[in-house]
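**Q** Let me give you the structure first, and then I'll get to my questions.
The values are calculated or read from the model by the stated rules, or taken from the named source; none is laboratory data. All figures in this text were calculated on a predicted structure; none of them were measured in a lab. Every residue, glycine among them, receives a Cβ derived from its backbone with ideal geometry; neighbour counts consider all protein chains shown. Remember, those area values only see protein heavy atoms, side chains included, never the ligands or the DNA or RNA. Shrake-Rupley method; radii C 1.70, N 1.55, O 1.52, S 1.80 Å.
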Amino acid sequence: MKISFHGAARTVTGSKHLLTLSNGKKYLLDCGMYQGLGKETDILNRSFGFDPREIDHMILSHAHIDHCGLIPKLVKDGYRGNIYSTPATKDLAEILMADSAGIQENDLKFINKTRSAQGKPILTQTPLYGKEDAEIASSRFVTVNYGKWFPIDEHVQLMYLDAGHIIGSATVHLKILENGKETSLSFSGDLGRYRDIILKSPDPFPQADYIILESTYGDRLHDRNVGTPDDLLKWINKTCIERQGNLIMPAFSVGRTQELLYALNQLELENRLPDVAYYVDSPLSLEATEIIKKYPEDFNARVQKILLKDEDPFQFRGLKLVRSVEESKSLNFKKNPMVIISASGMAEAGRVKHHISNNIENSKNSILLTGYCEPGSLGGRLKLHPKEVGIFGMPHEVNAEIGEIKTLSAHGDYQDMLQWLSCQDPRQVKKLFLVHGEYDVQINFKNRLIKKDFLDVEIPELHQEFGLS
């Protein structure tokens, strides 16, 4: 038995981990898209490092594009098996994959339109996949509820437990029977926080022989002294009230957008919400919010209590929902100050990229980054406060104020990850693999794990393979 790592290896996106049994059966954990790696991004997304036709089963941890975004390409390139997920993950992945197909097509058209106007040759590359591929992939999903062992085949049983990261997110636990011996492997997917404002905490899990653990914030502790509503209020007042400008917030459609809406709703309940226009300009975010409302059982006790008084914790005075492209473009011509929440979270694609392009050169405006951004993404580049930045191949002066809200994160910090591991006897864990993190962060986290008696910790390179005894 062996495992190989074909994504999220010493980087934060593109999650793909392949388990191969000695009989040749192959089980793929996640099939995520790389994001924000500059020119390398497209190259990495076009090559899996394995043959999709040889995969027997695909197991999905949750519906973020860096974990599910290449499933349609997997199917397009020959995968014929099932895709296992929780019910909420299936619902969210379906809209995310379709949206990703549309974004790829639209962004390529826009870039070629710009290049043509500049007299440059158009790009001849094709999108990674189309909407039809996304539809076929959606038809392959098989849902598995939390907390019960599910037989995938005669060799492997699957159990999902709540990861507390987004609605439907799961930690993945496998019981593998091979040559009369049972081996247990656990994969964290992405872990949430133990004091999340909306979701339940991650579940403890059975003793594992092998663990694959994310490490996004393996060297960071989240600031718990400042509340998200207070942070947002500061930026709205400074940008929209004092400067009479626009506040642009890139936000992931699943998870982050809902956290922002929940915090703004809290400001309204406390009679502190400034009287300006608030727009959610992302059809995907609107669809995701409606799906999330279908799973109130995944909310924590605090939100359950709020639901007794407020039937919609994501709705508040002044909120306007933008669906059509025409409505989105019309925001460019509005004169009054406004707050625009739009995808994607790394500002690497989607409508928010256009809003940043249209607002970044005006010093009245602010761009407020709301979550992790791969260093090579537009969001990652803006975090460095450059004087100029390229967007859609055009240079833009950065005159708008660039800010970052650090109180929001769907990822646990290193204390959260250590707390998740606290149910394990480290002496029984044969090997722990760190994935989904930047290499210097992973080195620091590895040292913390060794101090906690996890003595065999590996940081896989891309496509590296390990034998499992």
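**Q** Where residues in segment 56-68 are surrounded by 24 or more Cβ atoms within 10 Å (Cβ to Cβ) and more than 10 Å from the chain's Cα centre (by Cα), which of them is nearest to TYR372 (Cα to Cα)?
**A** Looking at residues that are surrounded by 24 or more Cβ atoms within 10 Å (Cβ to Cβ) and more than 10 Å from the chain's Cα centre (by Cα), I get SER61.
**Q** Let me ask you something else. Given (1) among the acidic types (Asp, Glu); (2) out of contact with any Phe, Trp or Tyr (no Cβ under 9 Å at 6 or more places or on another chain); (3) over 30 Å from ILE356 (Cα atoms); (4) assigned to a loop (DSSP other than H, G, I, E, B), identify the lone condition not met by GLU182.
**A** Answer for GLU182: the failing condition is (4).
**Q** Residues that are crowded, with 21+ Cβ neighbours inside 10 Å, at least 2 per element: which strands (runs of 3 or more DSSP E) completely within segment 293-380 meet that?
**A** 338-342, 366-369
**Q** Any residue that is more than 22 Å from the chain's Cα centre (by Cα) and of a type in the set (Ser, Thr, Tyr) - is there at least one of those in segment 272-283?
**A** Taking every residue of segment 272-283 in turn, at least one turns out to be more than 22 Å from the chain's Cα centre (by Cα) and of a type in the set (Ser, Thr, Tyr).
**Q** When residues of segment 228-267 are filtered for being open to solvent by 20 Å² or more (accessible area, probe 1.4 Å) and either at pLDDT 95 or above or closer than 27 Å to GLU374 by Cα (or both), how many remain?
**A** Looking only at that region, the number is 12.
**Q** Taking the condition open to solvent by less than 50 Å² (accessible area, probe 1.4 Å) and within 21 Å of the chain's Cα centre (by Cα), does PHE454 pass?
**A** Considered against the rule, which asks whether it is open to solvent by less than 50 Å² (accessible area, probe 1.4 Å) and within 21 Å of the chain's Cα centre (by Cα), PHE454 comes out as no.
**Q** Any chance you could count how many residues in segment 411-469 are farther than 18 Å from THR183 by Cβ and assigned to a strand (DSSP E or B)?
**A** Selection size over segment 411-469: 4.
**Q** Another one. Would you mind finding the one in ASP99, ASP91, ASP107, ASP77 that is more than 17 Å from LEU284 (Cβ to Cβ), open to solvent by less than 60 Å² (accessible area, probe 1.4 Å), in contact (Cβ under 8 Å) with a residue 12 or more places away in the chain and out of contact with any Cys (no Cβ under 9 Å at 6 or more places or on another chain)?
**A** Matching residue, one of ASP99, ASP91, ASP107, ASP77: ASP77.
**Q** State which residue is most open to solvent (accessible area, probe 1.4 Å) when the search covers only segment 279-292 and only residues that are in contact with a helix residue (DSSP H, G or I) (Cβ under 7 Å, 6 or more places away or on another chain) and part of a helix (DSSP H, G or I).
**A** Here the answer is GLU287.
**Q** Hey, could you check segment 401-412 for residues that are at pLDDT below 95 and not hydroxyl-bearing (Ser, Thr, Tyr) and say which is nearest to LEU232 (Cα to Cα)?
**A** Selected residue: ILE405.
**Q** Among all residue pairs at least 6 apart or on different chains, which show Cβ distances below 8 Å where the first residue, located in segment 412-432, is β-branched (Val, Ile, Thr) and the second is open to solvent by 10 Å² or more (accessible area, probe 1.4 Å) and part of a loop (DSSP other than H, G, I, E, B)?
**A** VAL429/ASP209; VAL429/PHE454; VAL429/ASP456
**Q** Next question. When you go through LEU191, LEU158, LEU221 one by one, which is the residue that is surrounded by fewer than 22 Cβ atoms within 10 Å (Cβ to Cβ), in a loop (DSSP other than H, G, I, E, B), aliphatic (A, V, I, L, M) and in contact with a strand residue (DSSP E or B) (Cβ under 7 Å, 6 or more places away or on another chain)?
**A** Just a single option satisfies the conditions, and that option is LEU221.
**Q** Here is a follow-up. At pLDDT below 95, of a type in the set (A, V, I, L, M) and closer than 22 Å to VAL172 by Cα, is that true of ILE65?
**A** yes
Residues checked against (1) under 20 Å from LEU60 (Cα atoms); (2) in contact (Cβ under 8 Å) with a residue 60 or more places away in the chain:
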position: HIS165; (1), (2): yes, yes
position: GLY168; (1), (2): yes, yes
position: SER186; (1), (2): yes, no
position: ALA208; (1), (2): yes, yes
position: ILE212; (1), (2): yes, yes
position: GLY218; (1), (2): no, yes
position: ASP231; (1), (2): no, yes
position: ASN246; (1), (2): no, yes
position: ALA251; (1), (2): no, yes
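**Q** Only one residue in PHE205, PHE252 is under 30 Å from LYS446 (Cβ atoms), under 16 Å from the mean Cα position of the chain (by Cα) and either assigned to a helix (DSSP H, G or I) or aromatic (Phe, Trp, Tyr) (or both). Which one?
**A** After ruling out the rest, the residue left standing is PHE252.
**Q** Keeping to segment 23-36, report how many residues are assigned to a loop (DSSP other than H, G, I, E, B) and within 14 Å of GLU54 (Cα to Cα).
**A** Final tally of qualifying residues: 3.
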